[in-house]
1. Return the residue satisfying two criteria in turn: it lies in segment 30-45 and is in contact with a Leu (Cβ under 8 Å, 6 or more places away or on another chain) and surrounded by fewer than 20 Cβ atoms within 10 Å (Cβ to Cβ), and of such residues it is modelled with the lowest pLDDT.
2. Given the conditions (1) crowded, with 22+ Cβ neighbours inside 10 Å; (2) outside any loop (DSSP other than H, G, I, E, B), report the number of the one that HIS60 does not fulfil.
3. Among the residues of segment 157-178, which ones are farther than 16 Å from MET147 by Cα and assigned to a helix (DSSP H, G or I)?
4. Check VAL62, VAL52 and return the single one that is hydrophobic (A, V, I, L, M, F, W, C), under 23 Å from SER168 (Cβ atoms) and touching an Asp or Glu at 6+ places or on another chain (Cβ under 9 Å).
5. Which residues, counting only those in segment 175-192, are in contact with a helix residue (DSSP H, G or I) (Cβ under 6 Å, 6 or more places away or on another chain) and not hydroxyl-bearing (Ser, Thr, Tyr)?
6. Does any residue of segment 3-21 turn out to be of a type outside the set (Gly, Ala, Ser), more than 20 Å from TYR139 (Cβ to Cβ), surrounded by fewer than 24 Cβ atoms within 10 Å (Cβ to Cβ) and modelled with pLDDT of 95 or more?
7. What about ASN125, is it over 28 Å from GLU22 (Cα atoms), touching a helix residue (DSSP H, G or I) at 6+ places or on another chain (Cβ under 8 Å), not in a strand (DSSP E or B) and not small (Gly, Ala, Ser)?
Amino acid sequence: MKICVFGAASAHIDEVYIKTVEALGEEMAKRGHSLVFGAGGSGLMGAAARGVKRGGGYIHGVVPSFFKENEIEQLYDQCDKMTYTDSMRERKQIMEDDADAFIITPGGVGTFEELFEVVTLKQLNRHDKAIVFLNTEGYYDELEAFMHVACERKFITPSCLQLYEIKSTVDEVLDYLEAYVPNPIPFKKTKLGE
């Protein structure tokens, strides 16, 4: 399975997040999965790539050319395949199209944007791929609480909460992906509550 991992680019985060995502990457590779990611060499992007490489897995990095040209962030230089794009939008499109499933690790605004895009596309029946959050140290607890508030106040339907899963451990995340059976929720149910 080709798994897209979204996560922080920041190198200034607690080591517990780095170690957990390195373990995720290594276990992905040991289970025969490959990585599609944003090609970053630091933070949780770099951690995922190092783990997959350590486990002997295949890595596809996707990054806008201006990241390299303007030295926006350190790139992971051991990708098996590196795709350069003209824009952030194209980068996301290639990652979304190439992936069979998505893992959302802790991250900042870029990660939030990516996670909400893949959830929205699933809501709109543009894909039916598994989406799972790796909730290290309870990082996504408040986001999950907020999603329930949005549901209670009728900004989203209860069916939207079924578009993704939140798991606490590497094994739970990968077990969920490996057992996932697509079960499209009709657009009218997720959008209109019908």
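1. The residue in question is GLY41.
2. (1)
3. VAL170, ASP171, GLU172, VAL173, LEU174, ASP175, TYR176, LEU177, GLU178
4. After ruling out the rest, the residue left standing is VAL52.
5. ILE185, LYS189
6. Checking segment 3-21: not a single residue is of a type outside the set (Gly, Ala, Ser), more than 20 Å from TYR139 (Cβ to Cβ), surrounded by fewer than 24 Cβ atoms within 10 Å (Cβ to Cβ) and modelled with pLDDT of 95 or more.
7. Here the answer is yes, as ASN125 does meet what is asked.
The values are calculated or read from the model by the stated rules, or taken from the named source; none is laboratory data. Not measured: the values here are computed from a predicted model. Methodologically, a virtual Cβ is constructed for each residue, glycine included, from the backbone with ideal geometry; neighbour enumeration extends over all protein chains shown.
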